[in-house]
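No lab work stands behind these numbers, since they all come straight from the coordinates. Bear in mind the structure is a predicted one, so any value in this text is a computation, not a measurement. Cβ atoms come from the backbone with ideal geometry, glycine included; neighbour counts cover every protein chain shown.
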Amino acid sequence: MPDHPNTPAQPAGDPGDESGLPSDIEAMLARLTGGPVDPEMVKALKDMGIDRIDPAMMQMMVSQMQAMFASTDTEAFNVALATDTARKTVSAAGDTTVSEAAARQTAQAAQVAELWLDEVTAFEAPGITTHAWSRAEWVEASMPVWRTLVEPVAEGVGRAVGDAMRAQVEQLGEGALPEGMLPPGTDASALIGQMEPMLAKMSGSMFGLQVGQAVGALAAETVSGTEVGLPLVADRSVVLLPANIEAFADGLGIDLEQVRLYLAVREAARVRLFSEVPWIGPQLVAAVRDYARDITIDTDRIESALQSVDPTNAEALQSALQDQLFRPEPSASQRAALGRLETYLALVEGWVDVVTDRATRDHLPQAGALGEAVRRRRATGGPAEKAFAGLVGLELRPRRLRDAANLWGALESAHGAQGRDAAWGHPDVAPTSADLDDPLGYVERAGTSDTSDLDVALDEILREGEDGA
């Protein structure tokens, strides 16, 4: 069936009645540009030889482009494509439905973990159910939060691409383009205007593909719902992925039941933190939005990359563009945003390290070895680092995580578990990046006021916020 109701059905590669372009290409361009294809675009494509391409090659090109643009979604981030790509990624890597036995083991581990945590933290369990998920189930459940997280980045990239192209067109002069690239007399501005809807879809689709591949790869190794350090599970349940836990345990020389219990404690601790400290999740997202607000595109780097790629190799072209478009050199404001994001993630994981150690050291004989295995996994590039490096350019440094764990441990030694957890009471009193460099100084300052003084200060901060609103 033709892609456009007014385009007669013709074999791929046959010229259309009006433009002389292959009918499938003409119909697709008409759909993407929202009307008749601009004659100047037709001339440019014909001069590039698109009407002389082998029919089999043309059919393959059309199929690939139709798959990319099949969705009517014109948003900066194609979430449907991202979800589909992630599911295909986990399917290709191997994924199975969780058995009833594995689900029971997960539920039992979570129950034990909650009992142990009750003894070492002031934060209470939210009382939501436990889930044992396959990789595909984790993809489906976490994608809405991934969308919230990466949409600002996708929007920033889309704006940057459009701004870069318009800036390039404004600077075009006589002889600025290679001879023969456009027909004589072609209005480059009009051509870009015709292509903007297509470019917007391409940007959203390319970003969707990248996110889907990253989330799919992450699903193949993450052992729990929120191991990346973000509240990815909407209902704040304790989520474990049995298949990935078995893969993590393989080669450790530690009983699988101990591994499952240890990871259940880490996940349950993280769920309690996100539930009892409602500001930390929005602060993480705000840091990503601040990063996206200042995205720029280095057109010189893109041009240089494309010059070294075979233009007939679609995969190489896409890889070159992604490397340049989605990994831009961060500005000063972006580095500041990434610094905040890194600090918050380090504080979350450092707190989880300390609380998990306190909850398991008297119950699990191999708790110390399991803690070291988690640290090694993180130091060599764990799920959080891979996810953020691919999506927002953040690479977590293990040193920050160790500094955060040292700070929480020192705070607990000086003021007990209650004082340690009270530091999460408000973002204005929570530890900062500077405090990670000087944990003992933070602990000393935290001890200069008694609990009642701290409560008064927090109440004053909250009242000021309400008055401002």
Original post:
For S433, S205, what ranking results if the residue with the fewest other Cβ atoms within 10 Å of its Cβ goes first?
Top reply: S433, S205
Subject >> Spin-label model distance (nm) - E124 vs R445, 7 Å beyond Cα toward Cβ >> reply: 3.2
**OP:** Determine the gain in length on full extension of the stretch R399-A234; use 0.36 nm per residue of separation and subtract their C-alpha separation, reporting nm with one decimal.
**Re:** 56.4 nm
Original post:
What is the gain in length, in nm to one decimal, between E100 and L252 on full extension, counting 0.36 nm per residue of separation less the C-alpha to C-alpha distance?
Top reply: 52.2 nm
